[in-house]
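A short worksheet on the structure shown next.
Read-outs: derived from the displayed coordinates by stated rules, not from any lab. Treat the numbers as computed from the prediction; the structure is a model and nothing was measured. With ideal geometry, Cβ positions are generated from the backbone for all residues, glycine too; neighbour counts draw on all protein chains shown.
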Amino acid sequence: MKVTRKLIHIDEELCNGCGECVPGCEEGALQIIDGKAKLVAEIYCDGLGACLGECPTGALTVREVETVDFDPNAVRELLEGQGRAIPKHMPSPESLRLGGAPEEAPASGCGCGGSKLEEFTPCQKANIPADIEGKSVESCLTHWPVQLRLVPAEAPFLKGADLLLTADCVAVSMPGYHERFLPGRKVLMGCPKFDDVDLYIERLTAIFATAGLKSITLLEMEVPCCSSMSKITAKALRNSGANIPAEKIIVARSGGVIFKGDLVQPMSL
């Protein structure tokens, strides 16, 4: 049965056969054949793009295509035959199928009022919701919008900012997200599973190249579909040529931090 889902596409003219993408695909879907990266079989590719950041030439992209379902059982058989580790979590075929894509709100703020650019100073009273079990909680957010696909590279609140890139699920999973990470930072949120990976790379590349950011802190979940956030960010950094300190933090589904370290080594100018 044919379904519509995301799949890795390889531009053979850009591919130099370096092989860096092969270990970046935990499912074993990529191999170097006749000096070029090849998709071994479409059933092995989940289309989540974890390999994107490994390619130094930009030969890998994610496209929506009509193809067969991703097959976790086939992946297990392939990896067992190769003596490779099997990923702890693999998405179900059903979760990767695409329906009608929602129309993207324009970044300029025309159309949907929720995409209008705003900056504001937290008000001690206005931003404090009713007490929850006797504990007051204050918002630390200082701008709007927060979704990466809605924020243009020229947004004034990004200029000279300490940027917090957050996978959507982190804010729900992590207790104290506001208090721990938002103060002093501007936040952009997104989901590499459901949004356009190429758009993310293009938008972040422009932001990194023009906004004069002081630092980048990336928060992503431990689940496989979220791992491409760091790949996307690393690729955008390389594309931009910017030298920005970048930290990566991985959050467990239970809300704890399970990894903290450099995303990429700062690039020399």
Hey, quick one: spin label on R238, modelled 7 Å out along Cα-Cβ, who in segment 3-36 has an amide N within reach, i.e. under 17 Å? 9-26, 30-32, 36
A chain fully extended from A74 to A41 at 0.36 nm per residue, minus the present Cα-Cα distance, gains in nm 10.9 nm
Cβ-Cβ cut-off under 14 Å around V40, Lys and Arg +1, Asp and Glu -1: the net charge is -4
So for each of 65-72, 183-190 I average, over its residues, the number of other beta carbons within 10 Å; can you give me the resulting order with the highest mean first? 183-190, 65-72
Shape of segment 3-96, Cα gyration tensor, a/c cut at 1.5: oblate
Report, in whole Å, the centroid distance computed from the Cα atoms of segment 164-232 and segment 1-80. 24 Å
So what is the diffusion coefficient of segment 156-254 in µm² per second by Stokes-Einstein at 4 °C and 1.567 mPa s, using a Kirkwood Rh over Cα pairs? 96 µm²/s
Calculated FRET efficiency, F194 and D34, Cβ-Cβ r, R0 51 Å, to nearest 0.05? 0.90
